[in-house]
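**Q** Below you'll find the structure I mean.
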Amino acid sequence: MARNLIKNPHGEEELEYWEDIENGGDGWKVEAIPGDCGADIPCDGVSKYFASSFECCSKTQVIDLLNEGYTEEVLDAQPNIVVSDWYAARTDSKGGIYELKVQLLSGSRDVIKEYYSESITIPENTDGAWTQLTYTFSEYGPGVRFIQFTHCGQDSVYWKGWYGVRVTNSSVTVEA
(Lines give C-alpha, C1' and ligand atoms only; values in the text may rest on other atoms or scores of the structure.)
Protein backbone atom coordinates (compact mmCIF):
# COMPACT_ATOMS: atom_id res chain seq x y z
CA MET A 1 0.00 0.00 0.00
CA ALA A 2 1.28 3.47 -0.90
CA ARG A 3 2.12 5.74 2.02
CA ASN A 4 0.52 9.09 2.69
CA LEU A 5 2.99 11.89 1.92
CA ILE A 6 0.97 14.56 3.77
CA LYS A 7 2.43 15.25 7.18
CA ASN A 8 -0.05 15.82 10.02
CA PRO A 9 -3.16 15.08 7.92
CA HIS A 10 -5.57 15.11 10.90
CA GLY A 11 -4.24 17.94 13.05
CA GLU A 12 -2.77 15.69 15.75
CA GLU A 13 0.16 18.14 15.79
CA GLU A 14 -2.02 21.28 15.53
CA LEU A 15 -0.86 23.17 12.39
CA GLU A 16 2.66 21.70 12.27
CA TYR A 17 3.88 21.14 8.67
CA TRP A 18 1.09 23.29 7.21
CA GLU A 19 1.71 26.78 5.86
CA ASP A 20 -1.11 29.30 6.15
CA ILE A 21 -2.00 31.03 2.92
CA GLU A 22 -5.04 32.82 4.30
CA ASN A 23 -5.93 32.76 7.95
CA GLY A 24 -9.26 34.55 7.65
CA GLY A 25 -11.78 35.23 10.36
CA ASP A 26 -10.58 33.56 13.56
CA GLY A 27 -8.19 31.33 11.59
CA TRP A 28 -7.86 27.57 11.69
CA LYS A 29 -8.61 25.60 14.86
CA VAL A 30 -8.02 21.91 15.57
CA GLU A 31 -10.93 20.10 17.25
CA ALA A 32 -11.70 16.50 18.24
CA ILE A 33 -14.19 14.47 16.18
CA PRO A 34 -17.16 14.68 16.23
CA GLY A 35 -16.87 18.21 17.69
CA ASP A 36 -19.81 20.51 18.35
CA CYS A 37 -22.71 19.67 16.05
CA GLY A 38 -20.61 17.20 14.06
CA ALA A 39 -20.61 13.61 12.92
CA ASP A 40 -18.19 10.71 13.20
CA ILE A 41 -15.95 10.09 10.21
CA PRO A 42 -15.91 6.61 8.60
CA CYS A 43 -12.09 6.38 8.76
CA ASP A 44 -10.11 4.38 11.29
CA GLY A 45 -7.60 6.32 13.36
CA VAL A 46 -8.92 9.80 12.59
CA SER A 47 -9.78 11.64 15.79
CA LYS A 48 -9.26 15.33 14.91
CA TYR A 49 -10.01 17.82 12.17
CA PHE A 50 -9.19 21.37 11.15
CA ALA A 51 -12.12 23.81 11.53
CA SER A 52 -12.27 26.92 9.35
CA SER A 53 -13.78 30.26 10.28
CA PHE A 54 -15.97 32.99 8.82
CA GLU A 55 -13.54 34.17 6.15
CA CYS A 56 -11.38 32.07 3.85
CA CYS A 57 -8.99 29.80 5.72
CA SER A 58 -6.52 28.08 3.41
CA LYS A 59 -3.39 26.10 4.13
CA THR A 60 -0.88 24.25 2.02
CA GLN A 61 1.90 21.68 2.06
CA VAL A 62 4.61 21.20 -0.53
CA ILE A 63 5.93 17.65 -0.87
CA ASP A 64 9.48 17.16 -2.19
CA LEU A 65 9.21 13.80 -3.94
CA LEU A 66 12.97 13.26 -4.23
CA ASN A 67 13.37 13.84 -0.49
CA GLU A 68 10.58 11.32 0.06
CA GLY A 69 12.69 8.65 -1.65
CA TYR A 70 11.30 8.61 -5.20
CA THR A 71 13.86 8.61 -8.01
CA GLU A 72 13.64 10.74 -11.13
CA GLU A 73 13.27 7.54 -13.18
CA VAL A 74 10.29 6.37 -11.13
CA LEU A 75 8.64 9.80 -11.26
CA ASP A 76 9.25 10.23 -15.01
CA ALA A 77 7.46 6.90 -15.57
CA GLN A 78 4.36 8.86 -14.46
CA PRO A 79 2.93 6.65 -11.72
CA ASN A 80 -0.61 7.49 -10.68
CA ILE A 81 -0.71 10.17 -7.99
CA VAL A 82 -3.86 9.97 -5.89
CA VAL A 83 -5.01 12.91 -3.78
CA SER A 84 -7.83 12.79 -1.28
CA ASP A 85 -9.43 15.03 1.32
CA TRP A 86 -12.43 14.77 3.64
CA TYR A 87 -14.72 17.72 4.39
CA ALA A 88 -17.91 18.38 6.35
CA ALA A 89 -20.02 21.18 7.78
CA ARG A 90 -21.56 21.57 11.21
CA THR A 91 -25.21 20.59 11.56
CA ASP A 92 -26.02 24.05 12.98
CA SER A 93 -24.22 26.06 10.30
CA LYS A 94 -25.85 27.99 7.50
CA GLY A 95 -23.61 26.27 4.99
CA GLY A 96 -20.01 26.47 3.91
CA ILE A 97 -17.60 26.65 1.03
CA TYR A 98 -14.76 24.16 0.39
CA GLU A 99 -12.03 24.05 -2.27
CA LEU A 100 -9.15 21.70 -3.06
CA LYS A 101 -6.27 22.55 -5.38
CA VAL A 102 -3.35 20.21 -6.04
CA GLN A 103 -0.47 21.07 -8.35
CA LEU A 104 2.21 18.79 -9.77
CA LEU A 105 5.37 20.88 -10.00
CA SER A 106 8.70 20.59 -11.80
CA GLY A 107 12.09 20.88 -10.11
CA SER A 108 11.92 24.65 -10.65
CA ARG A 109 8.35 24.64 -9.26
CA ASP A 110 6.62 25.31 -12.56
CA VAL A 111 3.11 23.85 -12.80
CA ILE A 112 3.03 20.69 -14.94
CA LYS A 113 -0.56 19.70 -14.16
CA GLU A 114 -3.17 20.80 -11.63
CA TYR A 115 -6.50 19.75 -10.24
CA TYR A 116 -8.91 22.35 -8.88
CA SER A 117 -12.24 21.27 -7.40
CA GLU A 118 -13.86 24.66 -7.98
CA SER A 119 -15.88 25.97 -5.02
CA ILE A 120 -18.06 23.31 -3.45
CA THR A 121 -21.00 24.82 -1.59
CA ILE A 122 -22.36 22.88 1.34
CA PRO A 123 -26.01 23.84 1.96
CA GLU A 124 -27.44 24.79 5.34
CA ASN A 125 -29.17 22.20 7.52
CA THR A 126 -26.68 19.49 6.64
CA ASP A 127 -26.44 16.31 8.69
CA GLY A 128 -22.71 16.94 9.30
CA ALA A 129 -21.69 13.86 7.31
CA TRP A 130 -18.16 13.74 5.97
CA THR A 131 -17.57 13.67 2.20
CA GLN A 132 -14.42 12.33 0.57
CA LEU A 133 -13.05 14.06 -2.51
CA THR A 134 -10.53 12.01 -4.50
CA TYR A 135 -8.69 12.75 -7.73
CA THR A 136 -6.10 10.67 -9.62
CA PHE A 137 -3.38 12.24 -11.77
CA SER A 138 -2.18 10.03 -14.65
CA GLU A 139 -0.34 10.65 -17.93
CA TYR A 140 0.80 14.06 -16.74
CA GLY A 141 4.23 14.05 -18.42
CA PRO A 142 7.76 13.72 -17.07
CA GLY A 143 9.49 16.13 -14.71
CA VAL A 144 7.27 16.12 -11.62
CA ARG A 145 9.41 16.66 -8.51
CA PHE A 146 7.06 18.44 -6.07
CA ILE A 147 3.37 18.32 -5.21
CA GLN A 148 1.57 21.28 -3.68
CA PHE A 149 -1.62 20.39 -1.80
CA THR A 150 -3.88 23.31 -0.82
CA HIS A 151 -7.36 23.32 0.65
CA CYS A 152 -9.60 26.01 2.05
CA GLY A 153 -12.89 26.40 3.82
CA GLN A 154 -15.17 28.96 5.38
CA ASP A 155 -18.76 29.38 6.49
CA SER A 156 -21.33 31.06 4.29
CA VAL A 157 -22.77 33.63 6.69
CA TYR A 158 -19.68 35.01 8.46
CA TRP A 159 -20.44 33.83 11.98
CA LYS A 160 -17.62 34.58 14.41
CA GLY A 161 -15.85 31.42 15.58
CA TRP A 162 -15.33 28.13 13.81
CA TYR A 163 -18.59 27.46 11.96
CA GLY A 164 -16.84 26.93 8.62
CA VAL A 165 -16.04 23.77 6.73
CA ARG A 166 -14.06 21.10 8.56
CA VAL A 167 -11.28 19.17 6.82
CA THR A 168 -9.26 16.11 7.78
CA ASN A 169 -7.55 12.94 6.57
CA SER A 170 -5.83 14.69 3.68
CA SER A 171 -3.64 12.40 1.61
CA VAL A 172 -1.28 12.27 -1.34
CA THR A 173 0.01 8.90 -2.50
CA VAL A 174 2.27 7.90 -5.37
CA GLU A 175 1.38 4.47 -6.77
CA ALA A 176 4.93 3.51 -7.73
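The values are calculated or read from the model by the stated rules, or taken from the named source; none is laboratory data. Note that this is a predicted model, so its numbers are computed, not measured. All Cβ positions, glycine included, derive from the backbone under ideal geometry; neighbour counts span all protein chains shown. The accessibility values were calculated without ligands, DNA or RNA, using every heavy atom of the protein model including side chains. Shrake-Rupley method; radii C 1.70, N 1.55, O 1.52, S 1.80 Å.
**Q** When the Karplus curve 6.51 cos²θ - 1.76 cosθ + 1.60 is applied with θ = phi - 60°, which whole-Hz ³J(HN,Hα) does each residue of region 62-75 get, with x for Gly and Pro?
**A** 10, 9, 8, 5, 5, 5, 7, x, 7, 8, 4, 5, 5, 5
**Q** May I ask which residue of LEU66, LEU104, SER84 lies farthest towards the positive end of the charge dipole of region 46-121, with charges of +1 (Lys, Arg) and -1 (Asp, Glu) on Cβ and the Cα centre as origin?
**A** Farthest towards the positive end: SER84.
**Q** Let me ask another. In deg cm²/dmol and to the nearest 500, what is the mean residue ellipticity at 222 nm of the chain if only DSSP H runs of at least 4 residues count, each as -39500 (n - 2.57), divided by the residue total?
**A** Helix contribution divided over all residues of the chain: -500 deg cm²/dmol.
**Q** Further, regarding this structure: Return the single residue from GLU19, GLU55, GLU73 with maximal mean-square fluctuation; model: Gaussian network over the chain, springs between Cα atoms under 10 Å.
**A** GLU73
**Q** Which value, in debye to the nearest 20, gives the size of the charge dipole of region 1-160 about its Cα centre, when Lys and Arg are +1 and Asp and Glu are -1 at the Cβ?
**A** 120 debye
**Q** If you don't mind, there's one more thing I want to ask. As an exercise, take the mean of 1/r over every pair of distinct alpha carbons in the chain, invert it, and state the Kirkwood radius in angstroms. Numbers along the way, then the final one.
**A** Working: mean 1/r = 0.0609 Å⁻¹.
Computed over Cα pairs of the chain, the Kirkwood hydrodynamic radius comes out at 16.4 Å.
**Q** Check each of the trypsin sites (Lys or Arg not before Pro) in region 119-170 and keep only those in coil by DSSP with at most 13 other C-beta atoms within 10 angstrom; list them in order.
**A** Here the trypsin sites (Lys or Arg not before Pro) that fit, given the DSSP loop and packing criteria, are LYS160.
**Q** A further question follows. Projecting each Cα onto the charge dipole of region 1-131 (Lys/Arg +1, Asp/Glu -1 at the beta carbon, about the Cα centre), which of GLY128, GLY27, ALA2 comes out farthest on the positive side?
**A** GLY128
**Q** Round to a whole number: what % of the accessible area of the chain belongs to carbon and sulfur, probe 1.4 Å?
**A** So the carbon and sulfur contribution to the accessible surface is 45 percent.
**Q** For a quick check of your reading of the filter: which trypsin sites (Lys or Arg not before Pro) in region 1-81 sit in a DSSP loop and have no more than 14 other Cβ atoms within 10 Å? Spell out each step's value before the answer.
**A** Details: sites: ARG3, LYS7, LYS29, LYS48, LYS59; in loops: ARG3, LYS7.
Loop-located and lightly packed - ARG3, LYS7.
**Q** If you look for lysine pairs in the chain that are eight or more places apart or on different chains, how many of them have Cα atoms under 18 Å apart?
**A** Counting lysine pairs in the chain gives 11.
**Q** Send over a whole-number figure in Å² for the accessible area per residue of the chain, probe 1.4 Å.
**A** Value returned for the chain: 46 Å² of accessible area per residue.
**Q** How much of GLU72 can a 1.4 Å solvent probe reach, expressed as accessible area in Å² and rounded to 10?
**A** Answer for GLU72: close to 90 Å² accessible.
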